[in-house]
Structure formats: C-alpha cells, structure tokens
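Have a look at the structure below before the remarks.
The values are calculated or read from the model by the stated rules, or taken from the named source; none is laboratory data. Source: prediction; values computed, not measured. Neighbour counts are summed over all protein chains in view; Cβ atoms, including those assigned to glycine, are modelled from backbone coordinates with ideal geometry.
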Amino acid sequence: MTSDWVDRYWQLAAGSGVWAVFGVLTLPFVAATVDVRLTTPLAGPGYVLFVGLTIVGERIVPQYKLVVYWVPFLVSCYLLSVVVAGIVRAMRD
Amino acid sequence: MNRRAALAAGTAVVGTALGGIVVGEYEGDTSPAVPPLSATGTLLEDTDRETTYYELGGGDDGPTGVIIGGVHGDEVNGYRAAEAILDWTLAKGSLIVVPWADVAAIRANSREGPDGDLNRKFPAGEEPKTELARALWNLIVDTQPEIVVDLHRSRGIFETHDRWVGQAIFPTATGDALEHAETLVQDLNDEIVPRTLRFHRFTVGNELGGNRPMIIHKVGADLGTAGYIVELTEFLLDLETQVDWTTLIAARLLGAHGIERVAADR
Ligand SMILES: [Zn+2]
C-alpha cells in the first residue's frame, strides 16, 4: 500500500472539505437547540434530518428517549459530509 | 406578617420540601414592588403531599382563572412558568395558582407521584381518586373559575411523533375554548416559532369532553368551564424557551377570558 493511496483516502474521509460540510450541517442546528433565538435558516437541513430520524425511529424503537438521536444524527451528518465533499472534489479534479 | 413576609415564609417551606428546586425564584427577589399576592393557602397541610397555592389580584369583580403546574413532576416548564406567573400584577380579574400540584413527583423529578399519575385521577362525573386529586378538585370548584389552564410538556411533537402530544393546545369542548385555542395557535406560529423550525409549529389538539380521567377533561365535563391543557415539548427546545413560551401561552389564554396582567410587569 503506497502512502499516496493512504493520503487519498484520508482526504476523502477526513479532509478539510468533509469537516467544512459537517460544520455547516451541524453547527447552526446545534445553536438553535441551545437557544431557539439563535435559529437561522442555516439550521434547516440539520433540523429536518434530526426530526426525520426521530419520526422513523419512533416507529421502530419507541422505547428510546429522543436525545439518543444525536448519535445517528451526527453519524448521518458525517456520512453526508463525506459524500458531498467527495462529489465536490471529483468535480474539481 | 405582611403579604411579602407571608409569601417568603410560605415559599421557604415549599423550597425546603422540594430540596431547593424552586425556592431560588423568590428568596433572592429584591424587587421594590410588593408582589400583588393577596393570599396563599395549602392543600393537604401537614402531609408529604402538602403544597401551597397562591391567589393573585381579586381587586375587582372580574373573572377568576386557575393555573396548575407540576401535575407531572418531570415537566419542569409547567411549574417554572407557574412560578413566573406568581410575580404578575393583574390589571383585571384574579388568579389561583397551584405551581407544584404533585410535590412528591416534582421532588423525585418523575412524571408520577407515589399515588401514580395525578392526571389520571379525575374521572368525569365521579369523585377524584386520591386525596390530592380531591383537594385540587375542591379548590377548582370553590374558585368557580372562568378558565382553568394545566401546564405540561411532552417528549415529542403532536402529529409528528406517533405517541407524543407536544406543541399543542387541547381545549375543552365547552364554551368558546376551541375558538380561543385556534386564535392562540395562529398567533404563536406567526409571532414566536421560528419559520425554520416548522415541525415545532403549534397545533390545536382534540377537544376534551370528559372521556379521559384528566383534570381538564373533568373541568369541561363537570363544570362546563373552559379549560386548556398546554403541551410544550422538550424535543430540541431549550428549557428557558419552554418556560417563556408556556408563560406566554398562559397569559394569552387568560387574556382571552378577561384576566389581564399589567403590561409594565416585564
Ligand atoms: Zn404532563
């Protein structure tokens, strides 16, 4: 395995583009949940994703409190960020 | 003992009983204005269910309202909003406030007290099922209220999440409660719920007619009085906002029934 290969996948999984998208998805939404007065339209995508996860989850595993959805939410945001950053990178290359 | 001293003494007792959960609201209050409480009373005195209620206003012959918080001990917004209402000065009408209906449940920060869910002890057309429920019911009946408001919150959102009832106002089938609830919900969605948080828009719940053993069901069915269950949610909504919105909703509902606070209060 060449170091070039490792570097390429590292960029794909944890490059700055990934974290930029992750921040855009999560930070404005987190701000809205800390204080509703900090709500901006930028919170919309994270909000819809979080509510969507709970709507589905409540049907499958209704015993869980809704705060546990932060885990699948953050994982989903990360995976989405990898995909979006990957697409942007592919289009640029 | 003047009113203020009486209040301080009363809340000190409750505060101790609740392990300091609520006492801070009053003890540190250095506001120069004397709170316009005209009286306090006690339900189930000298028992472990003992709780204080407060009478506000009453200077005119206007309508009387009843505000109940803490029926479910883990629904913090309800009793915090009721505590905030204790600081009001009323311009019209009067209020009976029961901030900590189920003290034992609040102390345990759990939905239910030692006798179970307090809001399942009020069958329509029958005696309430526990001593606490009977005491609370007698207070409501003796008050001859124009409106009764019971403050709650839910884990999720009504009609978004299958089993939860948050962000909804449930009016009694009696009088013009439904109409007032509809106006209120529209105003709340226009004025306070951010557009982005579309699932948190308030809705009007089903009308309460006495088919379930809840306080407000019984208010509607047995007294023919307008009543409302106010349900906020803890879902993605910070506690301060829950309390502020709950307090605002109570103010609007009371206003719709002719009980108004002095605007300069806040
Ligand atoms: Zn409740």
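Here are some notes:
- Here B:Leu151 passes the criteria (1) out of contact with any Leu (no Cβ under 7 Å at 6 or more places or on another chain); (2) more than 30 Å from A:Asp35 (Cβ to Cβ) except the one numbered (2).
- Among the residues of segment B:139-148, those identified as surrounded by fewer than 21 Cβ atoms within 10 Å (Cβ to Cβ) and in contact (Cβ under 8 Å) with a residue 60 or more places away in the chain are B:Leu139, B:Val141, B:Thr143, B:Gln144, B:Glu146.
- The single residue among B:Thr174, B:Thr183 that is more than 14 Å from chain A (Cβ to nearest Cβ) and surrounded by fewer than 17 Cβ atoms within 10 Å (Cβ to Cβ) turns out to be B:Thr183.
- Candidate set: segment B:105-138, residues that are within 15 Å of the ligand (Cβ to nearest atom) and in a helix (DSSP H, G or I); chosen: the one surrounded by the fewest Cβ atoms within 10 Å (Cβ to Cβ): B:Arg120
- Residue within segment B:225-245 that is more than 14 Å from chain A (Cβ to nearest Cβ), surrounded by fewer than 22 Cβ atoms within 10 Å (Cβ to Cβ) and farther than 14 Å from A:Val36 by Cα present: no
- Among the residues of this structure, A:Tyr78 counts as one that is away from chain B (no Cβ under 12 Å) and closer than 29 Å to B:Thr160 by Cβ.
- So B:Ala101, is it within 14 Å of the ligand (Cβ to nearest atom), among the hydrophobic types (A, V, I, L, M, F, W, C) and closer than 21 Å to B:Val262 by Cβ: no
- Test: residue in segment B:202-214 that is more than 19 Å from the chain's Cα centre (by Cα), crowded, with 19+ Cβ neighbours inside 10 Å and of a type in the set (Phe, Trp, Tyr): no
- Pick from segment A:29-56, criterion more than 9 Å from chain B (Cβ to nearest Cβ) and closer than 19 Å to A:Leu79 by Cβ, ranking: surrounded by the most Cβ atoms within 10 Å (Cβ to Cβ): A:Gly46
- Some residue of segment B:65-82 being within 16 Å of the ligand (Cβ to nearest atom) and surrounded by fewer than 20 Cβ atoms within 10 Å (Cβ to Cβ): yes
- Hey, B:Leu151 crowded, with 24+ Cβ neighbours inside 10 Å and at pLDDT 95 or above or not: yes
- Residue in segment B:190-202 that is in contact with a His (Cβ under 6 Å, 6 or more places away or on another chain) and within 14 Å of chain A (Cβ to nearest Cβ) present: yes
- Tallying residues that are away from the ligand (no atom under 16 Å from the Cβ) and either out of contact with any Gly (no Cβ under 7 Å at 6 or more places or on another chain) or farther than 17 Å from B:Glu127 by Cα (or both) within segment B:210-234 yields 5.
- Residue tally, condition within 15 Å of the ligand (Cβ to nearest atom) and touching a residue at least 24 places away in the same chain (Cβ under 8 Å), over segment B:162-179: 7
- Per the listing B:Val76, B:Val97, B:Val103, the residue uniquely out of contact with any strand residue (DSSP E or B) (no Cβ under 7 Å at 6 or more places or on another chain) and either closer than 17 Å to B:Thr52 by Cβ or modelled with pLDDT of 95 or more (or both) is B:Val76.
- Evaluation of B:Ile157 against (1) within 14 Å of chain A (Cβ to nearest Cβ); (2) away from the ligand (no atom under 16 Å from the Cβ); (3) among the β-branched types (Val, Ile, Thr) (one fails), failing number: (2)
- Screening B:Thr183, B:Thr174 for residues that are among the β-branched types (Val, Ile, Thr) and assigned to a loop (DSSP other than H, G, I, E, B) leaves exactly one candidate, B:Thr174.
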